[in-house]
Amino acid sequence: MKKFAFLLTLTLFFMTGCKSKDYSLPHFELGEYKIFTLCDNLHEGNSQILITASDELVKKCLPNGFSSEINAFLVQNKKHNILIDSGLGNNLLQNLDSLNVKSEQIDIILITHCHGDHIGGLVKDGQKVFNNATIYLSQVEFDYWSKQNNQLFDEVAKLYENNIKTFNPNNINNIKEELIENIFPIATYGHTPGHTSFLLKEREEQILIWGDITHVTDVQFQNPEIAVTYDVDPVQAVQTRKEIFDFVQKNDIVIAGMHILSPAIGKIVLDENNKYNYINFE
Ligand SMILES: [Zn+2]
């Protein structure tokens, strides 16, 4: 059964500003898996990132501005501690510690894309943070960043040189190849050239940990045609967002997003005007 719960932990989060003021980390259960939201940062959002959104639309959707989060997720079962993205690295280790997971116990890291708010937590003081992990990254994403002269990516690529595996994600219309047991990578290109979402499937239950399919919840669910300045290919990002919304809504798939406010795990529903709405699980 699907169950949303709050696990009591002992860690204080006053440095983070994240929503977990009750010293708990939200988690979602899917079969034998637990998916924990690791809030790495909470900050005031900037509506200037919204490309082609009119002032009217911004005022209507964001009358009081908006807050934004940076999240990673921990997917845990009896065999694995799987980290999906790493945030900036502000609170990652404290969050894992609060779950009694040491960095050396992380054995698999799945990366949606290589922006700093997704891979920053892989490195600390010039050292690798996860000594026993294999990092999985789409081949397209790896190739793109290898040519960008990006300091952080180059550092990650060098430090984890022997522990990075690349793969080719599934097309959304033909999802058949597992990357690891029960986890299917799906090509969700656009935000970055090799942006990838990860579908965890166990029997009939599914959750899509989707990375940066959205950045501003109160704008982009109802208006998926609005792109953001960070999109490497805004046109493709918009097309991908529409496809993914349609896919998760039709297949009743739970979603988890890196820039949705905690718990950042929820569902998409269609309203009477045929617009998408996001419902965060409580
Ligand atoms: Zn991001």
Seminar exercise, completed: trypsin sites (Lys or Arg not before Pro) in region 184-255 lying in a DSSP loop, each with at most 14 other Cβ atoms within 10 Å of its Cβ, come to ARG203
Exercise. For HIS43 and ASN251 in one chain, what is 0.36 nm times their gap in residues minus the Cα-Cα distance, to one decimal in nm?
Worked result: 71.6 nm
Exercise. Tell me, what HN-Hα J-couplings in whole Hz come from the Karplus equation 6.51 cos²θ - 1.76 cosθ + 1.60 at θ = phi - 60° for each residue of region 112-121, using x for Gly and Pro?
Worked result: 6, 6, 9, 5, x, 7, 10, 10, x, x
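Expected output is a single nm value to one decimal: the length gained when fully extending between GLU181 and GLU282, i.e. 0.36 nm times separation in residues minus the C-alpha distance. What is it? Before the final figure, lay out each step's value.
Values: separation 101, 0.36 × 101 = 36.36 nm, distance 2.84 nm.
Taking 0.36 nm per residue and subtracting the Cα distance, the gain is 33.5 nm.
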Exercise. Could you state the number of Å between the C-alpha centres of region 54-77 and region 152-174?
Worked result: 27 Å
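Figure the gain on full extension for GLU104 and ASP154 (residue separation times 0.36 nm, minus the Cα-Cα span) and round it to one decimal in nm.
Working: separation 50, 0.36 × 50 = 18.00 nm, distance 2.22 nm.
Full extension from GLU104 to ASP154 adds 15.8 nm.
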Exercise. If you take the C-alpha gyration tensor of the chain, multiply each eigenvalue by 5 and take the square root, what semi-axes do you get, largest first, in whole Å?
Worked result: 26, 22, 20
Exercise. Each residue of region 89-96 in order: what ³J(HN,Hα) in whole Hz does its phi give by Karplus 6.51 cos²θ - 1.76 cosθ + 1.60, θ = phi - 60°, with x for Gly and Pro?
Worked result: x, 5, 10, 4, 5, 5, 4, 5
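Structure shown: which of LYS34/LYS124; LYS128/LYS250; LYS102/LYS201; LYS60/LYS242; LYS79/LYS176 lie over 30 Å apart, alpha-carbon to alpha-carbon?
On the way: LYS34/LYS124 27 Å; LYS128/LYS250 40 Å; LYS102/LYS201 26 Å; LYS60/LYS242 21 Å; LYS79/LYS176 22 Å.
Listed pairs above 30 Å: LYS128/LYS250.
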For this session: Determine ³J(HN,Hα), in whole Hz, for all residues of region 163-180 in sequence, where each value follows from phi through the Karplus function 6.51 cos²θ - 1.76 cosθ + 1.60 and θ = phi - 60°; x replaces Gly and Pro.
Result: 10, 9, 10, 9, 8, 10, x, 6, 6, 4, 8, 8, 8, 9, 8, 7, 8, 9
Problem set entry | Orientation-averaged projected area, Cα convex hull of region 65-168 (nm²) | 7.7 nm²
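I want the local charge near ASN71. Using Cβ-Cβ distances under 9 Å, sum +1 for each Lys or Arg and -1 for each Asp or Glu among the other residues. Show your work: numbers first, answer last.
Working: positive: none; negative: ASP40, GLU69, ASP85.
That works out to -3.
With runs of 4+ DSSP H residues as the only contributors, calculate the mean residue ellipticity of the chain at 222 nm using -39,500 (n - 2.57) per run, divided by the residue total and rounded to the nearest 500.
Numbers: 7 runs with 56 residues, N = 282.
Dividing the helical sum by the residues of the chain leaves -5500 deg cm²/dmol.
Only the coordinates and a few stated rules stand behind these numbers; no lab work does. Note that this is a predicted model, so its numbers are computed, not measured. Glycine also receives a Cβ, built like all others from the backbone with ideal geometry; neighbour counts cover every protein chain displayed.
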